[in-house]
1. Among all residue pairs at least 6 apart or on different chains, which show Cβ distances below 6 Å where the first residue, located in the stretch 1-12, is in contact (Cβ under 8 Å) with a residue 40 or more places away in the chain and on the phi > 0 side of the Ramachandran plot and the second is buried (at least 18 other Cβ atoms within 10 Å of the Cβ) and assigned to a strand (DSSP E or B)?
2. Check whether at least one residue in the stretch 103-120 is farther than 21 Å from Ala72 by Cα, of a type in the set (Phe, Trp, Tyr) and crowded, with 20+ Cβ neighbours inside 10 Å, and report yes or no.
3. Cβ-Cβ below 7 Å, separation at least six or inter-chain, first residue in the stretch 207-218 and modelled with pLDDT of 95 or more, second of a type outside the set (A, V, I, L, M, F, W, C) and surrounded by fewer than 14 Cβ atoms within 10 Å (Cβ to Cβ): which pairs?
4. Scan the stretch 62-78 and report the pairs whose first residue is closer than 18 Å to Tyr121 by Cβ and whose second residue is of a type in the set (Phe, Trp, Tyr) and buried (at least 22 other Cβ atoms within 10 Å of the Cβ), with Cβ atoms within less than 6 Å and a gap of 6+ or a chain change.
5. Quick one: in the stretch 206-253, of everything that is basic (Lys, Arg) and either within 19 Å of Leu174 (Cβ to Cβ) or in contact with a His (Cβ under 8 Å, 6 or more places away or on another chain) (or both), which residue is surrounded by the most Cβ atoms within 10 Å (Cβ to Cβ)?
6. Could you say whether any residue in the stretch 60-72 is touching a Ser or Thr at 6+ places or on another chain (Cβ under 6 Å) and either at pLDDT 95 or above or small (Gly, Ala, Ser) (or both)?
7. Answer yes or no: is there a residue in the stretch 36-46 that is without any contact (Cβ under 8 Å) to a residue 60 or more places away in the chain, in contact with a Ser or Thr (Cβ under 8 Å, 6 or more places away or on another chain), surrounded by 19 or more Cβ atoms within 10 Å (Cβ to Cβ) and not hydrophobic (A, V, I, L, M, F, W, C).
8. Does Arg37 satisfy the criteria of being within 18 Å of Phe69 (Cβ to Cβ), basic (Lys, Arg) and in contact with a strand residue (DSSP E or B) (Cβ under 9 Å, 6 or more places away or on another chain)?
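The values are calculated or read from the model by the stated rules, or taken from the named source; none is laboratory data. Owing to the predicted nature of the structure, the values given are computational and were not obtained by experimental measurement. Please note: Cβ atoms are built from the backbone with ideal geometry, for glycine as well, and neighbour counts cover all protein chains shown.
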Amino acid sequence: MFAPTRSLITGASSGLGAEFARQLAARGSSLVLAARRTDRLEALAAELPVDVQVVTIDLAAPEAGQRLFEAAGPVDLLVNNAGFGTHGALVDEHPDRLAQEIALNVAAVVDATRAFLPPMYERGSGAVVNVASTAAFQPIPGMAVYGASKAFVLSFSEAMWAEARGHGVKVTALAPGATATEFFDVVGTNQAAVGRPQTAQQVVATALRALDRRSTPPHVVSGAGNAFAAWGTRLVPKRVLAPMAGRLIGFGG
């Protein structure tokens, strides 16, 4: 069983981040919880039976990953979980909101991974989990930036899996489908919830099982139905797949 001594989780104030904290604490890992909402982080820390460091940080800010490393120091497991989505036509979205989405979903993942990997390489052990999405497997009209950002996370993680394995470090992308968290409250609609939602407990357990494996895969999709759907996207031409994906999330173009 993968049992890190110290784990850092971004976006830990709710949803998958909070559940990662609970399940890793159950494995005996001390924790660094990072997010913007200090009150929620402290409330979560109070319920966990392990040592917890709270770091209040805006991960969408420039060089957030390096500043996070300076605050937390080396860890055995980095979970890049922070992120959000938007729903609607690109031309109707505010540019500042899109820039924040890209900064948090893409730049922060790269910056934090770059900051925390070197000590892992030096030790010859450690792991990084980057939270992607089943949205990564096809273009999604109506959630174009979110889908593209998660496609980046998937590709980036698979490349890092290949780079890191020679250093004894595990890297994988976790791709959940619809999950019962606050995600869709932030998106502003439940239309984007395609398929039967999983619980946060199920999704996090999928990630930890992947880390438990001697050979952790480059990515893991949570849920058999989601895995089948993600695999099936490679069989459908993009000219058919893209409009279909848009209709599934309630976007008619």
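1. Final answer for the pair search is Gly11/Ala35.
2. No, there is no match, as no residue in the stretch 103-120 is farther than 21 Å from Ala72 by Cα, of a type in the set (Phe, Trp, Tyr) and crowded, with 20+ Cβ neighbours inside 10 Å.
3. Ala210/Pro217
4. Phe69/Phe116; Leu78/Phe116
5. Step by step, filter the stretch 206-253, then rank; the result is Arg209.
6. Let us first name the residues in the stretch 60-72 that are touching a Ser or Thr at 6+ places or on another chain (Cβ under 6 Å), namely none.
Within the stretch 60-72, none of the residues are touching a Ser or Thr at 6+ places or on another chain (Cβ under 6 Å) and either at pLDDT 95 or above or small (Gly, Ala, Ser) (or both).
7. no
8. Against the criterion (within 18 Å of Phe69 (Cβ to Cβ), basic (Lys, Arg) and in contact with a strand residue (DSSP E or B) (Cβ under 9 Å, 6 or more places away or on another chain)), Arg37 does not qualify.
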